[in-house]
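Structure record follows, encoded as structure tokens.
Each reported figure results from applying straightforward, stated rules to the coordinates on display, with no laboratory input. None of these values were measured; they are calculated from a predicted model. All Cβ positions, glycine included, derive from the backbone under ideal geometry; neighbour counts span all protein chains shown.
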Amino acid sequence: MSAPNCLRGLVRPSATIPISAPRSAAPRAAPIGLARPAPFSTTALNARRQDPNQQGGGGKGHVRQGKKLKLGKFKKTAVESKGKPPLPGERRAYRKRITLSNDNAIPVPWLKDIGADGLANAQNIARVLALPEEVQDQLRASEAFKPTQCWGMFRKPSLLVRKESVDLMNRIQTSVDNKQTLRLVVTGDKVTGKSMMLLQAQAHAFLNNWIVIHVPEGQELTTACTEYAPIPNTDPVQYMQPVYILKLLQSIKRANEKILAKTYTMTGHPELPQNITPNTPLLALCNAAKEPDSAWPVFQALWNELTAHGTAANRPPILLSLDGLAHVMRVSDYRSPAFERIHSHDLALVRLFTDTLGGAVQFPAGGAVLAATSRNNAPRSPSMELSLAQREAEQAKREEVPQKDPFFRGYDDRVEAVLRSVQVIRLGGVSKLEARALMEYWAASGMLRATVDEKAVTEKWTLAGSGVLGEMERAALLTMRI
Amino acid sequence: MASSRQGLSSAIRGISRRLNGGKWQALEQQFQSLRLSPSLIRGRRCLSTESEPNQLAGQPPITAAPEIDVDVLVKRYRIAKHARPVPVSPSYFSRTPTFNDRYLALEKLAKTYANLPVIPAADAERVAWKTLADLRQSFGEPVKATDYVKCLAIVKRLHLIHPGLKPNAVTEALQDFKRDVQAFLNVPKPIPIDKFGRALGVGRRKASTARAFVVEGDGQVLVNGKTLADYFGRIHDRESAVWALHATNRIDKYNVWARVEGGGTTGQAEALTLAIAKALLAHEPALKPALRRAGCVTRDPRRVERKKHGRVKARKGPTWVKR
């Protein structure tokens with residue numbers, strides 16, 4: 001007897017034993033498991049079904065057909081493990097990840113990059129322009145992109161230049177030219193492009209080598225999701241948020257690396273952990289914050305340096321912006337040691353922003369403070385809503401300016417003081433010309449499979465409630481209809 | 001038998017002639033239903049107005065007969081007090097006398113007015129004639145289907161007589177064959193376009209009612225003061241709301257200002273479809289076939305199905321419980 005047959009004689013007789021193949025077919029020295037050729041199948045499931053080894057034996061034994069009497073009524077079936085659970089933070093990272101390009105999208109040949117004054121030029125109204133690579137990195141560093149925006153559908157991140165964006169850039173540019181600080185709030189309905197307007201302003205600032213400080217979400221500061229600590233020697237007590245400020249410092253550093261390297265300190269900062277002498281690049285000052293403990297003093301030093309007035313100071317213009325204004329215009333979820341709720345304006349970073357928005361701080365080389373309201377998960381802030389409505393009515397020189405409701409006591413004087421003299425831009429739908437430019441870009445990218453003509457443009461424009469951009473995206477890009 | 005009946009009638013006729021001159025025919029008609037049945041008169045004496053021979057002696061030869069007192073006659077000749085009435089219609093004892101009479105009358109009319117000019121069927125006023133079931137119901141008679149068909153052919157032929165020349169008798173005869181409710185008289189009022197160029201259309205679906213003012217414009221839509229995107233969260237609902245404009249390629253030609261109430265979002269959106277379609281038809285009536293193909297003309301009559309006893313909802317069965 002040959003060796004394989006001898007070995008087979010030692011195995012227990014059962015159905016799992018393959019029938020011995022004719023000697024001519026089976027190779028002589030083949031091991032037992034490989035005696036039968038592997039069955040042809042395309043999937044693992046089919047493979048298992050076809051495999052005769054799995055059917056009869058395998059330790060489970062015979063399975064009775066038909067109904068079975070269940071004795072244990074509530075016996076739970078063992079839950080099969082579904083693989084490795086995601087690591088902590090993995091799901092959130094997946095949810096918040098930002099994809100800026102899609103290799104499957106068709107590159108648009110006529111797409112041009114934005115120049116330094118591309119967004120302030122009225123000739124570019126109703127044109128789609130691409131963001132240069134460098135600016136993309138800077139915007140990503142300052143967290144200007146949001147995961148809900150449709151960047152991941154196109155080859156290159158591109159912007160539609162609207163009438164309002166040119167208007168805003170011109171206002172900013174004028175104030176910078178006059179070394180003044182523009183204080184402005186962008187408001188409007190849901191998905192009308194408020195955050196996108198902030199992004200365009202930042203892109204304009206980066207293209208013109210300004211310094212950009214951007215707070216991507218107001219709610220991260222006030223919903224008590226980051227650490228806070230009272231700042232010593234302040235009366236009334238202010239609170240710093242060291243972890244958040246460290247993160248902010250790092251994003252400022254990454255976004256404005258070049259310009260910070262070329263800007264130097266005017267005074268020394270011996271109180272910081274690293275001794276900063278005069279004429280040190282501001283980048284080094286930013287690098288001084290390694291730990292959350294030192295974040296607030298470093299940030300304060302940076303802020304003082306940036307806003308220092310004087311002829312010797314060669315300061316760049318500054319753009320300070322915040323998204324989700326309603327969250328910083330209310331009483332925060334933080335508690336004082338007396339367990340009273342802390343007003344948002346007592347948080348040091350928020351106060352810094354609101355003071356600037358209120359006009360207490362003037363940037364040496366001019367600049368802008370922008371805030372955008374949000375319609376997603378935004379708390380009601382009656383004072384903010386009223387103030388914005390009043391400013392809007394005043395700017396439009398309407399006869400009727402909305403007044404306070406005398407029977408309502410939810411108003412907040414501190415909020416009203418901040419918003420007493422800001423400018424307001426209200427965003428609505430885009431014009432049909434702009435809508436057409438955008439749809440042509442979508443069609444050229446292969447994302448909209450339709451002829452872009454007057455009828456198609458008007459249809460999407462109407463479905464989107466007179467050209468609300470986010471709704472146009474929903475109606476044209478995010479539906480499954482092809 | 002026949003002579004006795006004739007005698008009675010001639011006697012009565014003689015009285016009536018004397019009493020009211022030439023109006024005997026009408027009287028005879030009145031008495032026609034009172035004709036005595038032959039079985040009653042059988043074997044009786046012939047009635048006549050001749051006076052008895054003993055009275056005849058001293059009288060002048062021609063005298064007026066005395067007045068007939070029916071009560072006396074009844075007493076004297078033992079006639080039954082209640083004479084059995086004989087029906088006017090000869091078809092009384094058929095199963096369908098009403099129908100038969102109408103049918104015969106119509107045949108007679110058709111023959112009489114066969115030479116009057118007719119108008120083409122398309123030009124005649126549209127009339128809903130009674131169906132066979134309606135006819136049976138209204139006459140209370142088991143009318144045969146074949147008779148009904150024949151009768152209706154005559155009715156329709158008479159209906160085509162030129163309306164200027166149609167005799168009243170024909171109009172009255174046809175009246176019995178018209179349905180009580182004439183659906184063709186229920187003509188929708190044309191929607192006017194007011195001085196601002198607005199047309200108001202009303203549409204309904206489920207529990208929703210929509211009123212849409214449609215004006216010439218550039219595709220703006222306001223529903224209850226909000227834009228389409230604000231009012232309808234679902235893209236599908238927005239599309240159904242402006243479907244009438246979309247299906248006819250008119251979405252960039254009109255503006256819509258609408259008021260919707262009642263029901264839910266789907267009902268409101270589809271009520272708007274109908275409202276906008278109707279208002280659009282006021283502007284461009286030629287779009288009706290296109291709108292009908294797009295399903296924007298007919299109201300969807302479906303409503304919430306009622307709940308039934310023994311069921312959790314309209315049809316959902318209760319959960320099966322063992323014992």
Total charge dipole magnitude, segment B:215-285, about the Cα centre, Cβ charges on Lys, Arg, Asp, Glu only, Debye to nearest 20: 80 debye
How big is the equivalent ellipsoid of segment A:355-479 along its three axes, where each semi-axis is √(5λ) from the Cα gyration tensor, reported in whole Å from largest to smallest? 38, 18, 14
Counting Lys and Arg as +1 and Asp and Glu as -1 over every other residue whose Cβ sits under 15 Å from the Cβ of B:Arg302, the net charge comes to +4
Karplus (6.51, -1.76, 1.60) ³J(HN,Hα), θ = phi - 60°, over segment B:98-110, in Hz, Gly and Pro reported as x: 4, 5, 4, 4, 4, 4, 5, 4, 5, 4, 5, 4, 4
In Å, the C-alpha Rg and Dmax of segment A:405-463 are 20.7, 56
Report the one residue of A:Pro147, A:Ala130, A:Tyr94 whose Cα lies farthest in the direction of the positive end of the charge dipole of segment A:77-168 (charges on C-beta: Lys and Arg +1, Asp and Glu -1; origin at the Cα centre). A:Tyr94
Near B:Lys195, which aspartates and glutamates are there with a Cα under 15 Å away, not counting those fewer than 8 places off in the same chain? B:Glu216
Would you mind getting the Kirkwood hydrodynamic radius of segment A:287-356 from its Cα pairs, rounded to one decimal in Å? 14.4 Å
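Can you give me the relative contact order of segment B:183-323 as a percent, contacts being Cα pairs under 8 Å and 6 or more apart?
Dividing the mean separation by the residue count of segment B:183-323 yields 29 percent.
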Equivalent-ellipsoid semi-axes of segment B:191-281, from the Cα gyration tensor, Å, largest first: 19, 14, 11
Dimensions of segment B:281-321 along principal axes (Cα, Å, largest first)? 60, 14, 10
Percentage, to the nearest whole number, of Cα pairs in segment A:234-315 over 23 Å apart: 18 percent
From the C-alpha gyration tensor of segment A:196-346, square roots of 5λ in Å: 27, 21, 13
Need one number: the % of Cα-Cα pairs in segment A:74-118 sitting beyond the 17 Å mark. 70 percent
In square nanometres, what is one fourth of the surface area of the convex hull spanned by the alpha carbons of segment A:275-393? 10.0 nm²
Convex hull of segment A:94-163 built on C-alpha atoms - directionally averaged projected area, nm²: 5.3 nm²
dims of segment B:108-207, Cα set, principal axes, largest to smallest, nearest Å -> 58, 35, 19
Output field shielding_mean for A:182-192 (other chain Cβ, 10 Å radius) holds 1
Take every DSSP beta bridge with both residues inside segment A:307-417 and express the antiparallel ones as a percent of the total, to the nearest 5. 25 percent
Sort out for me the Cα centre separation of segment B:178-233 from segment A:233-255, rounded to whole Å. 59 Å
Amide H neighbours of A:Arg127 under 5 Å, at least 5 residues apart or on other chains, H built in the peptide plane: list them. A:Val161
Work out how far the C-alpha atoms of segment B:64-112 reach from end to end along every principal axis, then list the three figures in whole Å, largest first. 49, 30, 10
What are the residues whose amide H is under 5 Å from the amide H of A:Asp412, where those residues sit 5 or more places off or on another chain and H is modelled from the backbone? A:Ser383
A:Thr265's amide H: which non-local residues (gap 5+, or another chain) put their own amide H closer than 5 Å, with H modeled 1.01 Å from N in plane and none for Pro or chain starts? A:Asn279, A:Thr280, A:Leu282
With N residues in segment A:135-228, what two-decimal value do you get for its Cα radius of gyration over 2.2 N^0.38 Å? 1.17
